[in-house]
Amino acid sequence: MDISKMVEQLDKLLAQYEEAAVKREGVALVVNRLEAAIDRIALPGSTYIKQLDAHRKFSPSSKAYGVSQVAQALRDDLSDGWTDSVVELVHADTHSDYLEMADTLLASGYKDPAAVIVGTSLEVHVRALCVKHGVDTELPTGAPKKADTMNADLKKAGVYGSLQQKQLTAWMDLRNKAAHGIWKEYDVQQVRLLIDGVRDFMLKYPA
């Protein structure tokens with residue numbers, strides 16, 4: 001999901017919240033959706049998530065207003081481009097080039113090299129996430145950790161949850177099949193989902 005779609009989602013939910021608040025109907029439902037949107041869009045450990053967690057402890061009326069304000073702040077910062085660090089932007093540009101290359105290969109009928117390129121880009125991104133969050137990328141022996149190990153370590157560090165970890169494991173498995181010539185165990189649609197999924201993951205968890 002790109003930034004414009006994130007802003008569009010928040011705009012829609014904020015408008016629904018204002019309407020519900022005026023009518024005094026369905027406020028709780030909209031607030032729940034706002035919470036889910038913030039959880040989905042904001043980075044783990046960010047100010048937005050910390051503020052959201054604080055407002056979750058309040059009474060329903062106070063919580064509703066607080067959550068809407070967090071959503072509004074996140075929406076405005078996304079719109080103004082203030083949520084991206086310079087390093088994150090550099091990484092995003094680099095990975096975007098590889099993902100576009102994979103898109104071109106897949107469109108030309110080359111699903112296997114497309115899967116390898118996306119999988120390799122994902123592994124590099126996972127390693128960069130470890131560096132960003134202070135997670136070791138090497139074993140005590142000095143050997144580099146495998147992608148699956150780093151994935152598990154990032155989950156343990158709270159960078160993302162178990163569902164995201166399992167999804168990355170599945171993506172890495174597809175990439176390994178492509179790299180080792182086990183091409184009949186996945187199809188074009190799965191590679192399409194791999195490319196789109198990795199792109200969304202990199203947007204949500206920039207490194």
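The values are calculated or read from the model by the stated rules, or taken from the named source; none is laboratory data. Predicted, not measured: the structure shown is a model, and the values here were computed from it. Cβ placement follows ideal geometry from the backbone for every residue including glycine, while neighbour counts extend to all protein chains displayed. Accessible surface is based on the protein model in full, side chains and every heavy atom, while ligands, DNA and RNA are left aside. Shrake-Rupley method; radii C 1.70, N 1.55, O 1.52, S 1.80 Å.
Inspect all residues belonging to segment 59-69 and state whether any of them is of a type in the set (S, T, Y) and outside any helix (DSSP H, G or I).
Scanning segment 59-69, I find at least one residue that is of a type in the set (S, T, Y) and outside any helix (DSSP H, G or I), so the answer is yes.
Tell me the residue from D153, D187, D103, D112 that is farther than 29 Å from D39 by Cβ, out of contact with any strand residue (DSSP E or B) (no Cβ under 9 Å at 6 or more places or on another chain) and open to solvent by less than 60 Å² (accessible area, probe 1.4 Å), please.
D112
What's the number of the only condition in (1) under 13 Å from the mean Cα position of the chain (by Cα); (2) among the aliphatic types (A, V, I, L, M); (3) in a loop (DSSP other than H, G, I, E, B) that L203 fails to meet?
(3)
Which numbered condition in (1) closer than 26 Å to D103 by Cα; (2) modelled with pLDDT of 95 or more is the only one that T149 fails?
Every listed condition holds for T149 apart from (1).
Which of the residues spanning segment 156-182 are open to solvent by 50 Å² or more (accessible area, probe 1.4 Å), at pLDDT below 95 and closer than 15 Å to V118 by Cβ?
Once the filter is applied, which keeps residues that are open to solvent by 50 Å² or more (accessible area, probe 1.4 Å), at pLDDT below 95 and closer than 15 Å to V118 by Cβ, segment 156-182 yields R175, N176, A179.
Please state which one of Y48, Y17 is at pLDDT 90 or above and hydroxyl-bearing (S, T, Y).
None of the others qualify; the one that does is Y17.
Checking the structure you have, find out if any residue of segment 121-136 is open to solvent by less than 60 Å² (accessible area, probe 1.4 Å), free of Cβ contacts under 8 Å to residues at least 24 places away in the same chain and more than 24 Å from I3 (Cα to Cα).
Within segment 121-136 (the criterion being open to solvent by less than 60 Å² (accessible area, probe 1.4 Å), free of Cβ contacts under 8 Å to residues at least 24 places away in the same chain and more than 24 Å from I3 (Cα to Cα)), the answer is no, since none of the residues qualifies.
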